[in-house]
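The structure under discussion appears below in the form of structure tokens.
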């Protein structure tokens with residue numbers, strides 16, 4: 001049965017858009033009327049052109065994979081499952097992408113190729129789906145990767161939550177100090193300079209800082225913004241040792257979780273390592289490990305020979321591999337590294353709060369002191 005895209009007004013006068021199945025456009029209009037919708041446009045067949053833009057987020061990836069796996073496990077053909085997903089999506093861009101996937105698969109294209117064509121799905125999902133199609137385990141792979149994306153999304157939300165308060169305090173502190181230096185102090189500068197005697201040291205320091213910010217504040221801010229965008233564009237990463245350690249724990253957790261998902265879905269270890277490597281900016285270490293495994297090394301020995309992993313990680317994987325439960329050991333390593341990263345972020349958040357409060361108090365106190373000292377001196381001279 002053909003599909004039709006429609007635009008229609010409901011009884012409240014709100015424009016609604018969606019997809020409906022009907023044997024003809026006339027019947028589609030009748031079905032819409034039965035739903036108290038007044039159709040203004042009914043177009044048969046093809047989905048809206050899928051415009052490449054920002055890749056869908058992790059939450060949608062998880063829902064997409066979970067929903068598609070659910071339909072496939074019930075015996076629904078792939079093309080029909082994609083059509084159902086497009087109909088049930090409230091997001092117009094998502095619905096268009098799913099309908100595009102439906103039509104591509106119906107025309108004979110593989111799902112992995114259709115996903116890549118949209119430019120809206122992660123590269124690792126394309127490779128995972130490709131492996132699932134080759135091994136005839138698509139539903140199992142989708143089910144596993146849905147859990148992986150849900151966990152990764154949860155992890156990122158926790159990290160953002162842990163950093164929210166310190167970042168907010170920093171912004172507020174800097175904002176208060178900048179406000180005092182650029183708006184309050186200049187109004188008192190003339191009064192201080194007309195006193196006719198040398199100002200106290202804190203006041204002179206404050207006036208010097210204010211003068212610098214008024215002269216160079218905007219150029220300095222623009223330079224920092226340009227540096228920020230340059231670093232993001234070139235994908236360069238600079239971090240203190242503490243943050244590098246946290247990032248390494250997070251990366252190892254995500255890669256290991258992904259690797260365990262692939263192995264549980266029946267994908268061979270060498271292939272799974274090469275696929276999971278894309279989640280690490282230092283993908284060469286995983287590709288080297290895959291090469292060593294292919295040459296005949298056990299997984300733990302390959303990691304040990306590669307030299308980029310801790311003894312604890314290698315030991316856990318060795319026990320799991322020798323016990324015949326490598327996916328379980330990999331999951332354990334993932335959880336362990338994630339817990340370490342989360343604990344580190346929580347410690348940072350706990351330490352940052354009093355430090356930021358002290359910084360804010362010192363900065364405001366210094367400004368107030370620099371303003372009040374000349375006033376006290378002026379009062380004593382007048383007395």
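The values are calculated or read from the model by the stated rules, or taken from the named source; none is laboratory data. This is a predicted model, so every value here is computed, not measured. Cβ atoms come from the backbone with ideal geometry, glycine included; neighbour counts cover every protein chain shown.
Give 341, 308, 329, 272 a once-over and let me know the one that is over 25 Å from the mean Cα position of the chain (by Cα) and either assigned to a helix (DSSP H, G or I) or on the phi > 0 side of the Ramachandran plot (or both). Full working, then the answer.
Values: 341 fails: over 25 Å from the mean Cα position of the chain (by Cα); 308 fails: either assigned to a helix (DSSP H, G or I) or on the phi > 0 side of the Ramachandran plot (or both); 272 fails: over 25 Å from the mean Cα position of the chain (by Cα).
Residue meeting the stated conditions: 329.
Find the residue count for segment 358-380, including only residues that are over 23 Å from residue 182 (Cβ atoms) and either outside any helix (DSSP H, G or I) or in contact (Cβ under 8 Å) with a residue 40 or more places away in the chain (or both).
2
Output the residues belonging to segment 36-84 that are assigned to a loop (DSSP other than H, G, I, E, B), at pLDDT 75 or above and surrounded by fewer than 14 Cβ atoms within 10 Å (Cβ to Cβ). Spell out how you get there, then give the answer.
Of all residues in segment 36-84, those assigned to a loop (DSSP other than H, G, I, E, B) come to 36-37, 45-57, 74-77.
Filter once more, so that each one left must be at pLDDT 75 or above: 36-37, 54-57, 74-77.
Those that are assigned to a loop (DSSP other than H, G, I, E, B), at pLDDT 75 or above and surrounded by fewer than 14 Cβ atoms within 10 Å (Cβ to Cβ): 36, 54, 57, 74, 75, 77.
Mind listing whichever residues of segment 6-29 are at pLDDT 70 or above, surrounded by 19 or more Cβ atoms within 10 Å (Cβ to Cβ) and closer than 19 Å to residue 102 by Cβ?
Within segment 6-29, 6, 20, 22, 28 qualify.
Select from segment 315-327 the residues that are touching a helix residue (DSSP H, G or I) at 6+ places or on another chain (Cβ under 7 Å) and without any contact (Cβ under 8 Å) to a residue 60 or more places away in the chain and list them in ascending order.
Kept after step one, since they are touching a helix residue (DSSP H, G or I) at 6+ places or on another chain (Cβ under 7 Å), are these residues of segment 315-327: 316-321, 326-327.
Within segment 315-327, 316, 317, 318, 319, 320, 321 qualify.
What is the one condition in (1) modelled with pLDDT under 80; (2) in the same structural domain as residue 340 (by TED's automatic domain parsing) that residue 157 does not satisfy?
Only one criterion in (1) modelled with pLDDT under 80; (2) in the same structural domain as residue 340 (by TED's automatic domain parsing) is unmet by residue 157, namely (1).
Modelled with pLDDT of 75 or more, out of contact with any helix residue (DSSP H, G or I) (no Cβ under 8 Å at 6 or more places or on another chain) and closer than 17 Å to residue 77 by Cα - does that describe any residue in segment 96-104?
yes
Quick check: is even one residue across segment 121-130 under 24 Å from the mean Cα position of the chain (by Cα), more than 30 Å from residue 13 (Cβ to Cβ) and surrounded by fewer than 15 Cβ atoms within 10 Å (Cβ to Cβ)? Can you show your working first?
Narrowing segment 121-130 to residues under 24 Å from the mean Cα position of the chain (by Cα): 121-130.
If we keep only those that are more than 30 Å from residue 13 (Cβ to Cβ) as well, we get 121-130.
Applying the additional criterion that residues be surrounded by fewer than 15 Cβ atoms within 10 Å (Cβ to Cβ) yields 123.
Yes, segment 121-130 contains at least one residue that is under 24 Å from the mean Cα position of the chain (by Cα), more than 30 Å from residue 13 (Cβ to Cβ) and surrounded by fewer than 15 Cβ atoms within 10 Å (Cβ to Cβ).
Would you please list the contacts, defined by Cβ atoms under 8 Å and residues six or more apart or on different chains, that run from a residue in segment 17-30 that is closer than 13 Å to residue 87 by Cβ and assigned by TED's automatic domain parsing to the domain that holds residue 90 to a residue that is at pLDDT below 80 and part of a loop (DSSP other than H, G, I, E, B)?
none
Conditions (1) more than 21 Å from residue 129 (Cα to Cα); (2) crowded, with 17+ Cβ neighbours inside 10 Å, marked per residue:
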| site | (1), (2) |
| --- | --- |
| 269 | no, yes |
| 279 | no, yes |
| 292 | yes, yes |
| 295 | yes, no |
| 299 | yes, yes |
| 302 | yes, yes |
| 307 | yes, no |
| 311 | yes, no |
| 339 | yes, no |
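Checking the conditions here, which among 136, 112 is buried (at least 20 other Cβ atoms within 10 Å of the Cβ) and either at pLDDT 85 or above or under 19 Å from residue 275 (Cβ atoms) (or both)?
Only one candidate qualifies: 112.
Got at least one residue in segment 345-360 being touching a helix residue (DSSP H, G or I) at 6+ places or on another chain (Cβ under 7 Å), at pLDDT below 85 and over 30 Å from residue 248 (Cβ atoms)?
Restricting attention to segment 345-360, the residues satisfying the condition of being touching a helix residue (DSSP H, G or I) at 6+ places or on another chain (Cβ under 7 Å) are 345-346, 349, 352-353, 356, 359-360.
The next check asks that each one be at pLDDT below 85; those that pass are 345-346, 349, 352-353, 356, 359-360.
Those left that are additionally over 30 Å from residue 248 (Cβ atoms): 360.
Yes, that holds for at least one residue.
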